[in-house]
Structures are given as C-alpha cells and as structure tokens.
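Peer 1: Let me begin by handing over the structure; questions about it come next.
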Amino acid sequence: MAVAALTPAGKGQGHRRAGLARRIPARLLRTFAVLSVVLLAVAVAAVVQEWRAEWRQWQSRFAEGETAVHGGDGDTEQGIQQIWLPDLDRVDRCTSCHLGIASPEMKDAPQPFRGHSGPWLDSHRPDRFGCTACHGGQGEATTYRDAAHQPLPFWSEPMASRELMEARCGTCHQERNPPSTYWLARGRALMTDRNCVACHEIPGRDSEEVRAPRLDGLALKVSPAWLRGWLADPRGYLERSRMGDFRLRPEEIEALAAFLLQPHGVVEADEVDWTGADPERGGEIFRASRCVTCHSVNGRGGTLAPELAHVGAKVGRDWLYSWIRDPHRLQPDTLMPRFRFDDDQVRDLAAYIAEDLAEPKGLDANQADPDPDLAAEGRRIFERRGCYSCHELEGFPVRARIGPKLAGEGDRIVDPAPLVARGIEPTRPNWLFTKVSGPERVLETARMPTFGFAEDEAAAVSVALLSLRAQDVPPGRITRDPDRPPYEPQGEFGALVRRYRCLSCHQIAGTGGTLSTVVLDRIGSQLRRDYIEQFIQNPIAVRVGLAERMPHLNITAEEAALLAGYLSTVMVDDAVEAEVPRDAAAVARGKELFDRHGCQACHIVGDSGGFVGPDLNGSGQRLQPGWTVAWLLDPERWKPGTLQPDHGLTREEAEALTAYTLSLPARKAQVLP
Amino acid sequence: MSEPTRGRIHRAWRRIYRSVFRIGWPRTRQQRLAAMLSSLALHVHPTRVRVHVLRFSSTLGLGLVAFYLFLILIVTGLALMLYYVPHPDAAYRSMKDIQFAVTFGMFLRNTHRWAAHGMVAVVFLHMCRVFFTGSYKRPREFNWVVGVLLLLLTLALSFTGYLLPWDQLAFWAITVGTSIVAYFPLVGEPARYLLLGGHEIGQAALLRFYVLHCVILPLLMASLIALHFWRVVKDGGLAAPPGRMRRAPAWPHLLFRELLILVFVLVLVHAAALAFDAPLEQIADAARTPNPAKAPWYFLGLQELVHYGAILGGVVVPTAMIIALLVLPYVDRRGGGVGVWFARERRRANTVFALLAVVVVVLTVIGTFFRGPNWDWVWPWLR
Amino acid sequence: MTVLFAVALAAGCQRTPEVPPVDAVQEAFRDGELSARESHGRRVFAERCATCHGAEGRGDGQNAYNLDPPPPDFQESLDALSPEDRRRVIEGGTAALGRSALCPPWGRSLDELEVEALLAYLVVTSRPSGDEEETGPGRRRWRRPR
C-alpha cells in the first residue's frame, strides 16, 4: 500500500510541474520487494527455529506416547522444566527432555525418555540432587549438544562416564569406602597405601597414618649393595613396594646411600652366638608359626608384609635376630607381632631366613661402603625429596608435607602440551592419570616419585583425585566416616594386644587391620570363652578353604586366659541374647530347615558338605546360641558382603536352626591344619 | 448503521487522525514539503535533497547503516536488559538463561552481538568514505569532529558491552584492553582505576561497565547522533560536487531509499543472527589466563602495536591518531575535490589516509588471526 | 609476496597426519570387552558366586564337587532360563524354581544394582568363549535425533 502510494504514477501534479523530481526507479522498487520478502522469510525462520526447539519436539513426542499408552491427554509437563539447587549453584533443565526419568515403568524406554536405572533416585531424590551434580554436563542447556553429553568446547564438565562419575560421588561422599563405588574406594585405599598424605594435605584424609620404616640404624640392617639397588629401583627388589621410584641419578644414589648408612639414632643390634644354629629347625618354626599369613615367599602367601624370598641377601643376620626377638624395639610402629620364641628358636629362625631365603635380587654390583664425604650432599637430597615425610630419622621433623595441597586437585588447570605430545586427549582426568602413572611424563623435573601403578590402579587414583573439587560442598551434603578416636586398649589386655599386634589384622571399634574378617568388637557374644582361650593358644581354622590363618604366636596359657576373659566380658554386644530355648522338638525342626535351605552346600556336617562356610561339627563348643540366632536372622548386618545368605528366616526358625546346629557332636578326629 | 452515525464516526476519526498527522498523507508537492517539516521524525531531513547524494554510490549509505545498527542495538539491548543481571555471581548464569531458556533469547543476543560488531566496522568505513570523498571540508569541519567522537563512542560502547557476558573471553579482553589504557603516563593508572572501580575486574567494574554501556554512553551517543544529523542539514546537506545542484523532494526519494537500506540492514543482521551463534566461553576466572589473552578484535591492531612497544602501541600511536583525526579538517584547508571519490586534486591526502587505513586493517588482521600462544606468530590454517 | 607464500606452503607441508588422541583414563578403566555394568557384575560374581560356579561360570568352583546336583556350565544352561527366571534364582535361590536348595537366595543381601550387574555378567559367562564379543548395552551412546 505504502509502496503504491510512493510511486506517483501521474498522480502528483507537483512533480510534473517542477520537472526536477523523477519517479523512484523500478530497479529500486524491485530490490525493495525482494528484500521485504527475504526479511519476512528471515522472521519466519527465526520463529520456526524457536518453535522447533529440540526440547519442544521431545515433549510433543512424549505426549504422543503418553496418549497412545494411557489415552486421553497425558498430564505431561509442558515448557522447560528445571531443578534449581541454590546451595550447589546449579540449574538443571535436563528433565525438559528426560521426561520419564523418575518413572520406573520407563526403564526400558528409548532415550531421552528412559527411566533412571538402579535404585539411585531413592537415595538421591531429583529435587534435592538434580542431575548434573552427579552426572556432569551443562544443566542450563536445553539441547543435546549444549548439555555436553559429549565433550563441549568452553564447558569444563562434560557428562562423566560411569567410572568417572564415581569421582563426583566422592565430592560429597568423603568416606574412605563410599557405598556402591569401586574405582573411588580403590583409589582412596591406594592413596592411603602409598602414604600420599605424608607429602600432601588431603581434605578429609589428614588423620591417616603414614606407614614406613624408621631409618635410624639402617647401617646395622642392610648392605650398601642392597641400598643402592633399592634406591635405584625399589620394585626391582620388591614388586609390591609401597615406596615409589624417585628417579635418582647414580651420583644422587651414591650420596643418599652415604648419608643413610651413617650412624643415626640409638639402635643396637644384639650380639649373637651363632654356634649351634639349626636352619632346618628354623624352617619348621617358620612354617608352624605361619609367617606366610602376612609375608609371602616367592609370591605365595600374605600381602600385609614384605616378600621374604630375598631378605637374607638384604639384611644382616644379627639384625634379623634382633628383629625377630623384638621387632618393636627397632621399629616401634611395625605391624609385626612379637612372637613368644625362646632365644634358640629366634636364632634358628634367623639362620633359616638368612641362609634359605637369600636368593639375591635387585642388588647393585657395587658392594663397597659409600664414601662418607658424600653424606652432606646425601642429606640435601634427603631433604629436597622429602624422604622424611614418610621415614622417621633422628633430627628430622615428621610428615613434612613437601607436596602441594590436594584440595581442588580435581579442578586444577592442566597444561595440555605434554598430553598432546603423547597422543592423549588433553582432558583433566587424562592429565591426572598421566601424572599418577609417572609424574615425569607431565613435568620432567617433578619431585614426586613414580609409584609404578598398574593402569587400572592409576585410573582409580585419578578418580580419587578428581573427587577433590575446588568448590566447597555445602556441609549438609557431605557424608563422612564416623569421627571416632582410634581405639587404644588399656591395661594388661592392652599390653598383650600391642605385643601380639592383634590390631594389625583384627579390628576393634573401627581401629585395626582388615586381614582377618573376624571383628573383635562383639567376639565375647559370638564365641564361648573356653573356645576363645583354646583358640588363641592353638588357632585352628574352622573354614577349610580359608588361606589366611591366624599365626601361632606361642601365647602362654595365662595370657590366653587373660585375653579370653577380657574379650568375653568386655567385647560383647548387648543386642545379642545370651541363651535361646533348645529342646528336642526345636532340634528336629532345625534339621528339617537345615536340609530345606541347602545349608550343607557350604557347611560340613558329619563327613559331607561344602567348604565355603565353617565346619559345623561340634559348633556347640564354639558358638554362643544367642549370637547364632542373631547371625542367621541378618548376616549382612554383622558382616557386610558375607557369603552367608540371608534366608529371610523367622525368629522361631532361626532358633530352631541354632538348636540343631549347636547340637551337632564334634568329630572324633579333628584334622589339624 | 444509519447515515448520520457513520458520518459522525468518520468525522471523529478524522479529527483524531488530523490531530496526530497535521498534513495527512501528502499528495502534492507542497503537502510533502510540509510533511517533512511538521514531523519530528522527518524534520531532521532537508525537504529537498541534491540528486547527486541520492545515488547509492556517492555515500554507500554507510552512515545510515550505522544509525540503523544503533537503533537495532537499542531495541535488542533493552530486551536483553530485562534478563541480564550485572553481578559477577549472576551475570554468567543470566547469559546462559538468555541462551537456553528465554524465548528468542539466543536470537536476541546474536542480533545484538552481530549488530554491535557490524557497527564498529561500518562506522570505520563511514569515516573512510567521508575522507575519500573529501566531505569533511568547509563547512563540514565540525561535523567531522563530531563523527570522530562518534567513532570513539562506538568503540567505547562495544568495549563496555564486551565485559557483560562475564565469560573468559569478556574478562580477559577487558583485562588486556584496560591494561592498554594504563600505559598512558600519569593519567593511565587513575583512569583505569576509575573505569574499573578498583585495581581488578570485579563487581565494581562490572557495574560500571553496565551503567556506561546501558545508560551513559547510549545517551551521549544519541545526543551526538542528533547533533551529527542536525549539522548535516545545517551544513548544506551531504557533500556533493559544486556543479551538481539539481534537487529532488526528500519525500519520497530520500525516504524510500532510507527505507530500502533499513530493510537491507534488518535482513543482514537477522540472517547473521540466525546463522551464527554469539560465543560464550567458560565463566570468568581470574586464576586462568588464556594464552593468548586477546582484546576485542577492533583493539587487536593496538595490541599488536603494544607487542612491539607498550608506549608506542598503548600511548603514542592511538593518541597521535585521535589528535590527527580531530584536527584534520582544520589542517587540510585546501578546497576542491569535495563530494567526489578519490578526487585527483586530493591524491596525496587520499594515499596517506588509505595507507594508514590499510595499516590499521593489516595490524588488526594479524592480531586476530596470526597470533597464537605467547603472541607468537601462527598460521591460522595450520591450527 | 611470493616469499611469504613459499614460507606458508613449507609450513603447511610439515603438518603431521592426524592420529585421534587416546582417552587414556577411559582405556585404563576398561575390563577387557566388558561394559562397566558387566565388570561390576563380574566383581559381585567373584565375591558371592565363584566359590561354587567358578570365576567364569563354568561350574568349576572349588566347592563345586561337594554339590549334588553340581552347578551347571552357564554356556550350556543359561539360555534355557528367561531373564525373569535368572532374576528369580539370584534373588530366591534355585528353590524358587522348585529345584534343589543348594544355590541360596541372595535377594536380601544384594541391592538392585548388584542384581542388575550380576544379570549382565551372567550373559557374558554364557557366551561361547573366544568369539568376538558384542559391545555391552552400557557402551552405547544416545545420539541426537535427526
């Protein structure tokens, strides 16, 4: 209309008279018409682009499905959905497309409508946790691409793989062993094992113990050839070495050895008269004492303590004698118990180890004593590399923390260059993985040692490190292990527990090792006192298939009585009843239940049955009836992960089974292990 | 409806219409002149324009394009202000909201972004046009000065807007840009302090940039634009060679061409907004310096110069250039060559200006495409 | 100009052929060909089932010869069980299908995740060994619709 009016086409008398004005050229009018159409097209395109937004399309497809299944108009939510979590500073719009996420019946639907797998949403309600706090990704986004389902430029948190998601679990779950995680729990355990906390400040892990031998008196213990070999390559001597390889140059090794072999501290080895030493008898003692419960010989045996096949070539005989006689004098913090051997036994055992377990390994060719003049330089290396962070040595502070703090390590800014050079995608997880695998790979001058992690171990440690985020987690969202002080046994009982290092394998009140699955907290309610007393003196495994067996510590009868008395009176659980009715009818009913539930698949009764659970013959002499009932009713409660299945018994059934089990007579000839 | 009623409604409608448009739809030559004079929107135009300047080739319509871009920026900017929150904790999040949740939000932001970049380029080209056609000569010297100020204002508007998304790109571009300011002796540091409201870019800086970008600079700009237009008319219309005096009524010839260019600009800007999304990088983080940290592209020529010497690039060259531009019409007082592209009698002046313009463009291109980490030379196609 | 062009050309020729970068940590997570869920299932299986069924589900666990009927080789027997029945056996023991009571019920000890993981791993143990194994369901990524 306006265009028409602007083309005077003989209407305006004025122009013709003026003679100056001409019509607007047709060329311009055509251009104008074309441009107007294009502008209209652009406007329409903009509207269509907005109207055909991905989330809108998904919502209409979802509504179609709803109508098809439920008929009528489904009560599908319309518009962009979002979960706002002010305390986490997150807005998650994922549910705009993931419309079936909270519906269990959508579990097998195609994405993006699939219901959430597993029981996760029960414990992590979407309105409290949103999506991206666990999964990563860009919650604000409303398209597949922008939500960072795949890595996205300029977004540092792409959606995590299943494994890397555990790092996100670990941001709130600061327990040592967070529930339902594998890589995270493994990574944290590895970080404890390798004493990371000795050099680094790690949030939530600061109270962890650092375990490493004290270095005072090292000259009395090891040979220069061994020390050189060890410093050059710890895993060359000990495959499971917890100490990393510090990548020392030969001259550094020489200097460090010179420093370490100087006399430090006050350590005296016993003077031993080796005449009459009988290695053969020592070997018998070695086997009877079950040293391989903790130590291994040629890779066979326990993993709690070092491999012994080559130790004779490492340490001196006299030192060995002193060590076995009283390990606590040389290393107050050692896990090794002080066995009750007489001096002859110690001598024979030391002779056996020194002679028969002395296959040379990882020794340096140079056996000479290092030049003492190098000690000053060695001391500087000792300081620079932070050796004293793990190892105690007279005159040095403990736990120097020479490494950087690890808070925020999961968000650290990474230099992509070394990764790109190695053909690795320069992501943060990959950077941590590469660094953990070998610190020199990302920084040639790194002070951190190479721990020689296997690939999966390095990946686990990376997950644990990634869980250390820079942003503070709201305190209400953090779950921690209960903060209880380490258990310190008192009095005579305490002295015995320390002497025999019971807590190296057993746990009391959360303190102690995990080699033994027998937690001592309620042992008095579980086992009969006379059985405990007898077992401590002569430990015979009740499980046939069990490899770890309690060592023969040669505990005396008086000591056993004291320990058993204390355990039976103090280490009890009030929730466990002492006695349950056990009449003949109950025994018969129990026998029937025993057969019905297939208990003999795992347990031996009489001469037949499985090797999985304890031999039940004579268990009446062993087990407390109240405990047996409690155990049968809910085994997972007492021992998570146990092989004893929960049969869902009623109390009456559990009592009947107990009556039957405890009525079983002992076998005539108990097999000695 | 009865005849008298219809008549009454018609008369009432006419009364209202006439109270707004005194002339009505102009049909005669007189009416059209009167329409041009009586309308606020139109009266800044001359009633008649010289036919020479109506030709597209004589102005390329660049000044008008710049003005339209400014209008688009005002409209989209006001819409964006409804969602944007000028606080470091919320700014980036509100950008994300605009992009992902606001209806037409992304389109709006794209339009604003590309119009802003376009305006910087177009204003620069407009200045080149004015120079190459000798249009700054008497009596238009002062309007050239106003134009130079408008160029500076355009840069300032673009620069202040650059910080608002509060992403890494914004943060570090402003860090680099404001550090160039600080190179000025004596006044540099205080000026930077005043601009940022502190020594670092934080809450104070964001708010200052926001107020500058949304209130102070647009008001200044609008006033100067009005002055610029006013002076065009008062200085005898757009420059044209002295001989060509033939005139045509502004209605419809000028107005139609203005309308045509408006549609053209709208198509271009909105098509760009549809096709290309404005970048939004990670949230601003003072602890993570990108390598290289680059100023906005129109300052990359300066940054490139700063690379050769801080004082040279940060102080000497820009100051000299601004002063030269401001005094240019008063120094170059020779007549002749007005309203003609690359006039023979102005060959030397045009050559010098063209060289300088090419240097500016080349430096900017180098800074934008050929500089990588540590400001080392890179080949953009090898990245 | 020519010199510049020559330099540019020379620089262009030095470009090395692109090898896609490795996602090293993700490679390290991989448990052979198993998906994350199958791998989890293998761990649960090793903990709770392998003493009788054997680590690979061949029915050769150390306690297998104490059992009558002995545990089956899943390569031969698993196909006969529907996925629902497999779940019933895991949760309620073989007795749930009216067979012997030797395989105990784990439904009260395992959580839903572990049961799902076990079900996934059972399928792995039943596959003929040595063959190319398919990618597990957990590996598949959802692609944007066109």
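The values are calculated or read from the model by the stated rules, or taken from the named source; none is laboratory data. Only a predicted model underlies this, so the values are computations on that prediction, with no experimental measurement involved. FYI the Cβ positions are ideal-geometry reconstructions off the backbone, even for glycines, and counts take in every protein chain you see. These accessible areas exclude ligands, DNA and RNA; they are computed on the full protein's heavy atoms, side chains included. Shrake-Rupley method; radii C 1.70, N 1.55, O 1.52, S 1.80 Å.
Peer 1: Can you work out which of the residues in segment C:25-39 that are at the interface with another protein chain (Cβ under 7 Å from one of its Cβ atoms) and open to solvent by 10 Å² or more (accessible area, probe 1.4 Å) is nearest to the chain's Cα centre (by Cα)?
Peer 2: C:A36
Peer 1: Taking the residues in segment B:212-226 that are open to solvent by 50 Å² or more (accessible area, probe 1.4 Å) and without any contact (Cβ under 8 Å) to a residue 60 or more places away in the chain as candidates, determine which candidate is nearest to B:P165 (Cα to Cα).
Peer 2: Taking the candidates together, the pick is B:V215.
Peer 1: Just need a number here: residues in segment B:266-303 that are within 11 Å of another protein chain (Cβ to nearest Cβ), among the hydrophobic types (A, V, I, L, M, F, W, C) and assigned to a loop (DSSP other than H, G, I, E, B).
Peer 2: Qualifying residue count, segment B:266-303: 2.
Peer 1: To continue, here is another question. Since B:L206 meets every condition but one in (1) more than 21 Å from the chain's Cα centre (by Cα); (2) over 22 Å from B:L73 (Cα atoms), which condition does it not meet?
Peer 2: Here B:L206 meets the rest and fails (2).
Peer 1: Residue pairs, Cβ under 9 Å, 6 or more apart or interchain, first in segment B:9-36 and within 12 Å of chain A (Cβ to nearest Cβ) and within 20 Å of B:R48 (Cβ to Cβ), second part of a helix (DSSP H, G or I) and among the polar types (S, T, N, Q). List them.
Peer 2: That search, which allows pairs on different chains as well, returns B:W25/B:Q31; B:R27/A:Q13; B:T28/A:Q13; B:R29/A:Q13.
Peer 1: Scanning segment A:110-130 for residues that are within 12 Å of chain C (Cβ to nearest Cβ) and in contact (Cβ under 8 Å) with a residue 40 or more places away in the chain, which turns out most open to solvent (accessible area, probe 1.4 Å)?
Peer 2: Checked segment A:110-130; the qualifying residue most open to solvent (accessible area, probe 1.4 Å) is A:F113.
Peer 1: Could I ask something else about it? Name the residues in segment B:349-379 that are open to solvent by 40 Å² or more (accessible area, probe 1.4 Å), within 14 Å of chain C (Cβ to nearest Cβ) and part of a helix (DSSP H, G or I), would you?
Peer 2: Answer for segment B:349-379, where residues must be open to solvent by 40 Å² or more (accessible area, probe 1.4 Å), within 14 Å of chain C (Cβ to nearest Cβ) and part of a helix (DSSP H, G or I): B:V362, B:V365, B:F369.
Peer 1: Here's another thing I want to ask about it. Residues that are within 25 Å of B:M81 (Cα to Cα), of a type in the set (A, V, I, L, M) and open to solvent by 20 Å² or more (accessible area, probe 1.4 Å): does segment B:170-193 have at least one?
Peer 2: No; the residues of segment B:170-193 include none that is within 25 Å of B:M81 (Cα to Cα), of a type in the set (A, V, I, L, M) and open to solvent by 20 Å² or more (accessible area, probe 1.4 Å).
Peer 1: If you check C:R108, C:R99, which single one turns out to be surrounded by fewer than 16 Cβ atoms within 10 Å (Cβ to Cβ) and either on the phi > 0 side of the Ramachandran plot or facing another protein chain (nearest Cβ under 7 Å) (or both)?
Peer 2: Exactly one of C:R108, C:R99 is surrounded by fewer than 16 Cβ atoms within 10 Å (Cβ to Cβ) and either on the phi > 0 side of the Ramachandran plot or facing another protein chain (nearest Cβ under 7 Å) (or both), namely C:R108.
Peer 1: Scan segment A:523-536 for residues that are open to solvent by 40 Å² or more (accessible area, probe 1.4 Å) and either modelled with pLDDT under 90 or in contact with a Lys or Arg (Cβ under 8 Å, 6 or more places away or on another chain) (or both) and jot them down.
Peer 2: Result: A:R528, single match.
Peer 1: In addition: Got at least one residue in segment C:49-67 being in contact with an Asp or Glu (Cβ under 7 Å, 6 or more places away or on another chain) and open to solvent by 30 Å² or more (accessible area, probe 1.4 Å)?
Peer 2: Within segment C:49-67 (the criterion being in contact with an Asp or Glu (Cβ under 7 Å, 6 or more places away or on another chain) and open to solvent by 30 Å² or more (accessible area, probe 1.4 Å)), the answer is yes, since at least one residue qualifies.
Peer 1: Given the residues A:E440, A:E383, which is the only one that is under 30 Å from A:A258 (Cα atoms), in a helix (DSSP H, G or I), without any contact (Cβ under 8 Å) to a residue 40 or more places away in the chain and open to solvent by 20 Å² or more (accessible area, probe 1.4 Å)?
Peer 2: A:E383
Peer 1: Right, another one. Suppose the filter is in a loop (DSSP other than H, G, I, E, B), away from chain C (no Cβ under 14 Å) and over 27 Å from A:P158 (Cβ atoms); does A:V473 pass it?
Peer 2: Criteria not met by A:V473.
Peer 1: OK, next. Give segment B:55-105 a look and list any residue that's touching a residue at least 60 places away in the same chain (Cβ under 8 Å), open to solvent by less than 20 Å² (accessible area, probe 1.4 Å) and either within 11 Å of chain A (Cβ to nearest Cβ) or not in a helix (DSSP H, G or I) (or both), or say none.
Peer 2: If the condition is that a residue be touching a residue at least 60 places away in the same chain (Cβ under 8 Å), open to solvent by less than 20 Å² (accessible area, probe 1.4 Å) and either within 11 Å of chain A (Cβ to nearest Cβ) or not in a helix (DSSP H, G or I) (or both), then B:G61, B:Y92, B:M95, B:K96 are the ones that fit.
Peer 1: Which residue out of A:G626, A:G610 is small (G, A, S), crowded, with 20+ Cβ neighbours inside 10 Å and at negative phi?
Peer 2: A:G610
Peer 1: Being modelled with pLDDT of 90 or more, away from every other protein chain (no Cβ under 12 Å) and on the phi < 0 side of the Ramachandran plot: is that true of C:D85 here?
Peer 2: It is true that C:D85 is modelled with pLDDT of 90 or more, away from every other protein chain (no Cβ under 12 Å) and on the phi < 0 side of the Ramachandran plot.
Peer 1: For segment A:276-293, state whether one or more residues are assigned to a strand (DSSP E or B) and either modelled with pLDDT under 95 or among the hydrophobic types (A, V, I, L, M, F, W, C) (or both).
Peer 2: No, there is no match, as no residue in segment A:276-293 is assigned to a strand (DSSP E or B) and either modelled with pLDDT under 95 or among the hydrophobic types (A, V, I, L, M, F, W, C) (or both).
Peer 1: Among the residues that make up segment A:296-307, is at least one of them surrounded by 21 or more Cβ atoms within 10 Å (Cβ to Cβ) and either assigned to a loop (DSSP other than H, G, I, E, B) or in contact with a Leu (Cβ under 8 Å, 6 or more places away or on another chain) (or both)?
Peer 2: Yes - at least one qualifying residue is present in segment A:296-307.
Peer 1: Another one. Sort out which residues of segment A:29-55 are within 52 Å of the chain's Cα centre (by Cα), within 11 Å of chain B (Cβ to nearest Cβ) and open to solvent by 70 Å² or more (accessible area, probe 1.4 Å), and write them in order of number.
Peer 2: A:Q49, A:W51
Peer 1: Considering A:A376, A:A368, A:A407, A:A400, which residue is farther than 30 Å from A:T171 by Cβ, in a loop (DSSP other than H, G, I, E, B) and among the aliphatic types (A, V, I, L, M)?
Peer 2: That would be A:A368, the only listed residue that is farther than 30 Å from A:T171 by Cβ, in a loop (DSSP other than H, G, I, E, B) and among the aliphatic types (A, V, I, L, M).
Peer 1: Is it fair to say A:D646 is in contact (Cβ under 8 Å) with a residue 60 or more places away in the chain, in a loop (DSSP other than H, G, I, E, B) and among the acidic types (D, E)?
Peer 2: No, not satisfied.
Peer 1: Going through segment C:71-82 one residue at a time, which ones are within 13 Å of chain A (Cβ to nearest Cβ) and either loosely packed, with under 11 Cβ neighbours inside 10 Å or among the aliphatic types (A, V, I, L, M) (or both)?
Peer 2: none
Peer 1: Could you tell me whether A:G410 is under 30 Å from A:D456 (Cβ atoms), at pLDDT below 90 and either open to solvent by less than 30 Å² (accessible area, probe 1.4 Å) or touching a Ser or Thr at 6+ places or on another chain (Cβ under 6 Å) (or both)?
Peer 2: Here the answer is yes, as A:G410 does meet what is asked.
Peer 1: With respect to A:P158, is the statement that it is open to solvent by less than 60 Å² (accessible area, probe 1.4 Å) and more than 24 Å from the chain's Cα centre (by Cα) true?
Peer 2: Answer is yes for this residue.
Peer 1: Would you confirm, using the coordinates I've provided, whether A:D92 is within 44 Å of the chain's Cα centre (by Cα), on the phi < 0 side of the Ramachandran plot, surrounded by 13 or more Cβ atoms within 10 Å (Cβ to Cβ) and at pLDDT 90 or above?
Peer 2: Yes, satisfied.
Peer 1: Further question: List pairs: first in segment C:48-70 and facing chain A (nearest Cβ under 9 Å) and within 16 Å of A:C599 (Cβ to Cβ), second of a type in the set (A, V, I, L, M) and outside any loop (DSSP other than H, G, I, E, B), Cβ under 6 Å, 6+ apart or cross-chain?
Peer 2: C:C52/C:A64; C:L67/A:A601
Peer 1: When segment A:649-667 is examined, which residues are found to be surrounded by fewer than 17 Cβ atoms within 10 Å (Cβ to Cβ) and touching a residue at least 40 places away in the same chain (Cβ under 8 Å)?
Peer 2: Within segment A:649-667, A:S663, A:P665, A:A666, A:R667 qualify.
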